[in-house]
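The values are calculated or read from the model by the stated rules, or taken from the named source; none is laboratory data. These numbers come from a predicted model, not from an experiment. In this analysis, Cβ positions are derived from the backbone assuming ideal geometry, glycine residues included, and neighbour counts consider all displayed protein chains.
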Amino acid sequence: GSATGEEASAQVSNRINIVSAYGNVNSEKVDYVNLTVRQAAGADNINLTKSTIQWIGPDRATTLTYSSNSPSSLGENFTTESIKGSSADVLVDQSDRIKVIMYASGVSSNLGAGDEVQLTVTTQYGSKTTYWAQVPESLKDKNAVTL
């Protein structure tokens, strides 16, 4: 019974928070989706290489896994880069920030104006964080947009 309680508690407390999201714009389409993530309050170390991301929409649903490949050859994977902190793929302190990079073209097609994608990050503890990425209605003359 206590093991089950500890497991349930880890699922609740060992979450990530999505601080922000943006898309790289290329020819009026979003080709990369980037999430900035951090540990939720009270979380243990979160190893993003052991996490998955469920991608739903606009024309495909799939589960992305970690890859150390360069962003242009990710396919149905994601990769990470350190923004702040000592690791590029493990959140150790609450002040750490890691960028999670997904290649929209590798998953389905580039995202157009008004498209929406539901992203659910599941950590190695089984905790889930969902983020709705909404592409703005106009991408004209933009290089990057907030999602």
Problem set entry | Which numbered condition Ser87 misses (of (1) surrounded by 17 or more Cβ atoms within 10 Å (Cβ to Cβ); (2) at pLDDT below 95) | (1)
Problem set entry | Breaking point among (1) surrounded by 14 or more Cβ atoms within 10 Å (Cβ to Cβ); (2) modelled with pLDDT of 95 or more; (3) of a type in the set (Asp, Glu), for Glu137 | (1)
Seminar exercise, completed: The strands (runs of 3 or more DSSP E) lying entirely within region 56-103 that contain at least 3 residues which are closer than 11 Å to Val37 by Cα, out of contact with any Phe, Trp or Tyr (no Cβ under 8 Å at 6 or more places or on another chain) and touching a residue at least 24 places away in the same chain (Cβ under 8 Å) are 97-103
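Listed here are the residues, each with its yes/no results for (1) at pLDDT below 95; (2) surrounded by 19 or more Cβ atoms within 10 Å (Cβ to Cβ); (3) within 24 Å of Pro136 (Cα to Cα).
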| position | (1), (2), (3) |
| --- | --- |
| Pro58 | yes, no, yes |
| Ser70 | yes, no, no |
| Ser73 | yes, no, no |
| Glu76 | yes, no, yes |
| Ile83 | no, no, no |
| Asp93 | yes, no, no |
| Ser105 | yes, no, yes |
| Asp115 | no, yes, yes |
| Gln118 | no, no, yes |
Exercise. Does region 129-147 hold any residues that are assigned to a strand (DSSP E or B) and either in contact (Cβ under 8 Å) with a residue 24 or more places away in the chain or over 27 Å from Val92 (Cβ atoms) (or both), and which are they?
Worked result: Thr129, Tyr131, Trp132, Ala133, Gln134, Ala144, Val145, Thr146
